[in-house]
Amino acid sequence: MKFYIISRSDKLSNELMATARNYLEDFGMEWNEESPDVVLSIGGDGTLLHAFHKYSEKLADVAFVGIHTGHLGFYADWKPIEIEKLVLSIAKKEYEVIEYPLLEVSIHYQNLEEPAVYLALNESTVKSPDVTLVMDVFLNEHHFERFRGDGLCMSTPSGSTAYNKALGGAIIHPSLQAMQLTEMASINNRVFRTVGSPLVLPGHHRCALRPVKAPDFMVTIDHLQLLHKDVKSIEYRVAYEKVRFARFRAFPFWQRVHDSFIDSELSD
Ligand code: NAD
């Protein structure tokens, strides 16, 4: 079996990386950055987002494991003291693989035939680089609303506990094939109107955002932010691809939500 480790690069994460690498190589596993079967991410959720994007072309072959060297994360849910147990389970292949849905983001440009296509593990947001964002929102090709405000966020179920939650979105269990659209400070008065509530769309639905005036947008894909010029539309759907996590013990999603947001005493 082949493995690779990504560290947040702080002292503790690097030390753990060295320890885990030694253990795994002692068990006869091969360090392989190009095509690993298992990727250990040591740091926080941000480190796992980086690991995900490094291997976003090889998702069918890779299973991710997150170890947190700071506070408990949603993806980084193993504690440093569990590293020996973890390594033993990997070496003996005593784990199951669970899959979570992803978001596919296609950005179509006015002068280009091919769209730029990205996969997001948490979410994609759209903002205007300088003025109020004005975009028409289409659901399954039907015009739904004209949005005016700071921005829009489309999140995955596992990303629903991240930026989406801060925007008042619902927490969605990652066994649901869905995506959620939330507003950032929409302008609502007698002239301008949006639905105002987060929308949860099923796996077979599509959402398109089309510019009304300025065609340039700041688009984020998880932690990555880029300015896209001359945009014709930004299209969202639940991706065909899935992200795979190696699970060595039960840590149900709602337990993680509880431990992260309600009472973390037992987890750190
Ligand atoms: P980061 O690593 O500092 O992450 C920011 C925080 O988000 C961390 O506390 C991390 O644990 C948490 N986080 C990430 N994914 C999560 C998830 N799925 N569920 C619950 N918490 C999660 O910074 P980064 O590497 O730039 O991370 C990018 C992420 O930060 C984005 O995907 C976005 O979700 C989040 N973010 C949140 C806000 C907000 O809450 N207002 C604003 C911008 C970005």
**OP:** Could you list, in sequence order, all residues of segment 169-189 that are in a loop (DSSP other than H, G, I, E, B) and of a type outside the set (A, V, I, L, M)?
**Re:** 169, 173, 174, 175, 177, 188, 189
Original post:
Taking only pairs six or more apart or across chains, which ones have beta-carbon atoms under 7 Å, a first residue in segment 93-105 that is closer than 12 Å to residue 64 by Cα, and a second residue that is at pLDDT below 95 and not in a strand (DSSP E or B)?
Top reply: 95/89; 95/248
Subject >> Long-range neighbours under 6 Å by Cβ, at least six apart or interchain, first residue small (Gly, Ala, Ser) within segment 176-201, second at pLDDT 95 or above and exposed (fewer than 15 other Cβ atoms within 10 Å of the Cβ) >> reply: 178/202
Original post:
Does segment 190-229 hold any residues that are surrounded by 14 or more Cβ atoms within 10 Å (Cβ to Cβ), of a type in the set (Gly, Ala, Ser) and in a loop (DSSP other than H, G, I, E, B), and which are they?
Top reply: 214
**OP:** Quick one: in segment 63-104, of everything that is away from the ligand (no atom under 13 Å from the Cβ) and under 24 Å from residue 236 (Cα atoms), which residue is nearest to the chain's Cα centre (by Cα)?
**Re:** 104
Original post:
Which of (1) loosely packed, with under 13 Cβ neighbours inside 10 Å; (2) within 30 Å of residue 67 (Cα to Cα); (3) in contact (Cβ under 8 Å) with a residue 40 or more places away in the chain; (4) not charged (D, E, K, R) does residue 262 not meet, given it meets every other one?
Top reply: (3)
Original post:
Does residue 145 meet the test of being surrounded by fewer than 20 Cβ atoms within 10 Å (Cβ to Cβ), on the phi > 0 side of the Ramachandran plot, away from the ligand (no atom under 16 Å from the Cβ) and of a type in the set (Asp, Glu)?
Top reply: no
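The values are calculated or read from the model by the stated rules, or taken from the named source; none is laboratory data. Not measured: the values here are computed from a predicted model. Cβ sites come from the backbone with ideal geometry, for glycine too, and all protein chains shown count toward neighbours.
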